[in-house]
1. May I ask you to list the residues in region 60-74 that are farther than 14 Å from Gly123 by Cα, more than 8 Å from the ligand (Cβ to nearest atom) and either aliphatic (A, V, I, L, M) or in contact with a helix residue (DSSP H, G or I) (Cβ under 6 Å, 6 or more places away or on another chain) (or both)?
2. Please verify whether region 7-16 includes one or more residues that are modelled with pLDDT of 85 or more and surrounded by fewer than 21 Cβ atoms within 10 Å (Cβ to Cβ).
3. Report every pair of residues separated by at least 6 positions or lying on different chains whose Cβ atoms are under 8 Å apart, first residue within region 59-72 and touching a residue at least 12 places away in the same chain (Cβ under 8 Å), second of a type in the set (Ser, Thr, Tyr).
4. Quick one: which helices (runs of 4 or more DSSP H) sit completely within region 107-174 and have at least 1 residues that are in contact with a strand residue (DSSP E or B) (Cβ under 7 Å, 6 or more places away or on another chain), among the aromatic types (Phe, Trp, Tyr) and modelled with pLDDT of 95 or more?
5. Which one of Gly26, Gly69, Gly47 is under 29 Å from Asp192 (Cβ atoms) and part of a helix (DSSP H, G or I)?
6. Starting from region 113-131, keep only residues that are of a type in the set (S, T, N, Q), then list their pairs with residues that are assigned to a strand (DSSP E or B) whose Cβ atoms are within a distance under 9 Å, requiring at least 6 positions of separation or different chains.
7. Where residues in region 75-101 are outside any helix (DSSP H, G or I), within 15 Å of the ligand (Cβ to nearest atom) and charged (D, E, K, R), which of them is surrounded by the most Cβ atoms within 10 Å (Cβ to Cβ)?
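The values are calculated or read from the model by the stated rules, or taken from the named source; none is laboratory data. Since the structure is predicted, the reported quantities are computational estimates derived from the model, not experimental observations. Positions of Cβ are backbone-derived with ideal geometry, glycine not excepted, and every protein chain shown enters the neighbour counts.
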Amino acid sequence: MNEDLDAQEGLDHVVDIFGHEDMRRGWGRGFLAGRLSHAHLIGGPEGIGKGTLARNWARLLLCAQPETGTDPDPRACGECPSCSKVASGNHPGYLEISSEGGGTIEIARMREILSFLSLRSDGRRVVLIDSADQLREESANALLKILEEPPGETHFLLVSHRPASLLSTIISRCQRWLLGPLSRDSFHEVLDRHGIHEERASFL
Ligand SMILES: [Zn+2]
């Protein structure tokens, strides 16, 4: 499939996620019951929507009045002050560290996390790392130290194309969500959404 769903969404608007229903339900149940871990590893092949999923979860964690949904499938409301700040890119409780252009994530970015965590916070905070595969060794060690003593009310969302390559000590501290390829129905839904028709789809 040519579309890279991971790469195309920022945090500027709420998007629909296709597929991965079981995982969404598992997350939804944990979220509603207040049983989610402080650290999550979202792993799976490239281009299947891990980054989009993680950003939707970040929105939900920060939303002041999430919609419960059915299944359950809780979602960010998209309208509260928190959702508005997230949409405009200035939510004080959200930090995204990404490996733009596929480069490595340097230790300076981990210091950025420490400085973010040192600020006073009135509510929940979310740190999203996309992708954790790009952490340099010293960055991974610094992240591990942070995860070992997690600050209260902070959730870490680590996106990874190759979760097996991460430090086992990082993996063991995360609630793990592994995505498989999209189901056939979900795949066609994505194609429809992007205006790709069946004839062409058969060549992908
Ligand atoms: Zn909201």
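1. Asp71, Pro72, Asp73, Pro74
2. No, region 7-16 contains no residue that is modelled with pLDDT of 85 or more and surrounded by fewer than 21 Cβ atoms within 10 Å (Cβ to Cβ).
3. What qualifies is Leu62/Ser82; Leu62/Tyr94; Cys63/Ser82; Ala64/Ser82.
4. Result: 107-118.
5. After ruling out the rest, the residue left standing is Gly26.
6. Pairs that qualify, where the first residue is of a type in the set (S, T, N, Q) and the partner is assigned to a strand (DSSP E or B), are Ser121/Thr154; Ser131/Ser98; Ser131/Ile105; Ser131/Leu158; Ser131/Val159; Ser131/Ser160.
7. Arg75
Okay, residues lined up against (1) farther than 23 Å from Arg35 by Cβ; (2) of a type in the set (Ser, Thr, Tyr):
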residue: Gly69; (1), (2): no, no
residue: Pro72; (1), (2): no, no
residue: Asn90; (1), (2): yes, no
residue: Gly123; (1), (2): no, no
residue: Ser131; (1), (2): yes, yes
